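Below is one structure, written out as structure tokens; comments come after it.
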Amino acid sequence: MATVVIVGGGLSGLLAALQLAKQGIPVTLFERKQYPFHRVCGEYISNETVPFLRSLGVYPSVFQPPVIRELQLTSVNGRAVTLPLDLGGFGISRFSFDAFLVQHIRAAGATVKEQSEVTQVTFNGQGFDVMAEGQSWTADVVIGAHGKRSRLDTTLNRPFLRKRSPYVGVKYHIRYDQPRNRISLHNFENGYCGISQVEDGKSNLCYLVHRDAVKKHHHIPELEKAVLHRNPYLKEIFTNAEFLFDRPEVINEISFATKGPLEGHVLMGGDAAGMITPLCGNGMAMAIHASKLLAEEVGAFCRNEITRDQMEQRYATRWNNLFAKRLWAGRQIQKLFGSEWASNLAVNLARFAPPIANFLIRQTHGQPF
Ligand SMILES: Cc1cc2nc3c(=O)[nH]c(=O)nc-3n(C[C@H](O)[C@H](O)[C@H](O)COP(=O)(O)OP(=O)(O)OC[C@H]3O[C@@H](n4cnc5c(N)ncnc54)[C@H](O)[C@@H]3O)c2cc1C
């Protein structure tokens, strides 16, 4: 039987591993960190994923995740509107969800190697040589599920790395009286901040900000006081919430540049193939959906039902059909956020033309699968 290596244990890698293991395919997943760990992520998962997660037996009902049905949008100067969400979503921390998935994956027979960073992947004409932690491995198929940016992208010489990306992501867990059924998106100059509940009555507060704003104010607390607090909703939250981390999780160089689902015969999934702007709240759903395509095509190749060429072409075509338009729409909608006039325009659009606002939201979301 052909063997599979997966680089990266976020949602796309973990769920691809689970499905391949369930098909009886030998699969090894390498994750450079150790579970459980926090990630910079808004932790709102679109309900389009629920049927699929249930079909795999991994909808995390044991955590009683809050079900989120409405969106509150506020502008830089504090104008607000609340909209129902057609599909909605649920809230769960990646700390809990990823570790829960790892248990299921190991039980299904996959090997998960934690604290193991893949540094090189080379296609030798027949299969792959993989380097991780100074050791060499072989595999017939490699799935790149290594997220937004990784050393592996450098060794594969991926073109998106040539453009610097100006965004920084910051995330906290807090205790705050955020309504259980609501996700709020609060704008501030040069960025936006999401807040919604996860498990155990905690809330996730996560924002994306332009690098120049961080540079100007030197430190995160100063930036928050000088910029985020100008939105009265954010000032209220930052003043009254209990912050549960000693310090925030922070990531730099978040890129929404076009990438693509194939690189040097490696099949890319999730953010490694293309990252949607976080305000859409759909990156995890896309990563989960990509894992389904990957498991179907890689599974067929491993059972000798299709050739490598067919596997690559079919995966690339299906990936483009499902995600290319959504990624483009996310980039366009992002322009409506992070400035006073544009965020007021977005709030007014939602207030006075809800069908248009709902149309825009639908462009960045998929159908239940
Ligand atoms: C500020 C912000 C807020 C967001 N909010 C939301 C939201 O509310 N809802 C939503 O749906 N999406 C949101 N997203 C997007 C979402 O987090 C991602 O789309 C999703 O996590 C992608 O999953 P993934 O499996 O592709 O990658 P990741 O979850 O990033 O996982 C990649 C994994 O690969 C590992 N790795 C990297 N390189 C290597 C290597 N060389 N060897 C071994 N392991 C490696 C990493 O350690 C990591 O664990 C947000 C993103 C940001 C930046």
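Among the criteria (1) part of a strand (DSSP E or B); (2) in contact (Cβ under 8 Å) with a residue 40 or more places away in the chain, the one MET131 does not fulfil is (2).
The number of residues in the range 330-367 that are hydroxyl-bearing (Ser, Thr, Tyr) and not in a helix (DSSP H, G or I) comes to 2. Annotation note: of LYS235, LYS202, the sole residue that is over 19 Å from SER343 (Cα atoms), at pLDDT 95 or above and not small (Gly, Ala, Ser) is LYS202.
Checked against (1) away from the ligand (no atom under 16 Å from the Cβ); (2) without any contact (Cβ under 8 Å) to a residue 40 or more places away in the chain, PHE243 meets all criteria but (2). Only residues that are outside any helix (DSSP H, G or I) and either β-branched (Val, Ile, Thr) or within 9 Å of the ligand (Cβ to nearest atom) (or both) were counted in the range 36-61, giving 10.
The residue of the range 269-287 that is farthest from GLY191 (Cα to Cα), among those that are more than 9 Å from the chain's Cα centre (by Cα) and crowded, with 24+ Cβ neighbours inside 10 Å, is GLY269. Against the criterion of being basic (Lys, Arg), more than 13 Å from the ligand (Cβ to nearest atom) and either touching a residue at least 40 places away in the same chain (Cβ under 8 Å) or in contact with a helix residue (DSSP H, G or I) (Cβ under 7 Å, 6 or more places away or on another chain) (or both), LYS163 qualifies.
Kindly provide the set of residues from the range 38-76 that are out of contact with any strand residue (DSSP E or B) (no Cβ under 9 Å at 6 or more places or on another chain) and either touching a residue at least 40 places away in the same chain (Cβ under 8 Å) or at positive phi (or both), ordered by number. If the condition is that a residue be out of contact with any strand residue (DSSP E or B) (no Cβ under 9 Å at 6 or more places or on another chain) and either touching a residue at least 40 places away in the same chain (Cβ under 8 Å) or at positive phi (or both), then PRO51, PHE52, LEU56, GLY57, VAL58, PHE63, GLN64 are the ones that fit. Can you tell me which residue is farthest from GLN367 (Cα to Cα) among those in the range 305-341 that are among the small types (Gly, Ala, Ser) and modelled with pLDDT of 80 or more? Only one residue fits best here, namely ALA316. Within the range 199-215, does at least one residue satisfy the condition of being away from the ligand (no atom under 14 Å from the Cβ) and in a strand (DSSP E or B)? No, there is no match, as no residue in the range 199-215 is away from the ligand (no atom under 14 Å from the Cβ) and in a strand (DSSP E or B). Of all the numbered requirements in (1) out of contact with any helix residue (DSSP H, G or I) (no Cβ under 7 Å at 6 or more places or on another chain); (2) near the ligand (Cβ under 10 Å from one of its atoms); (3) at pLDDT 95 or above; (4) under 21 Å from ALA287 (Cβ atoms), ARG149 misses one, and that requirement is (3). Exactly one of (1) buried (at least 20 other Cβ atoms within 10 Å of the Cβ); (2) within 15 Å of the ligand (Cβ to nearest atom) is unmet by PHE301. Its number? Status for PHE301: all satisfied but (2).
The values are calculated or read from the model by the stated rules, or taken from the named source; none is laboratory data. The structure presented is a predicted model; accordingly, all values stated were derived computationally and were not measured. Positions of Cβ are backbone-derived with ideal geometry, glycine not excepted, and every protein chain shown enters the neighbour counts.
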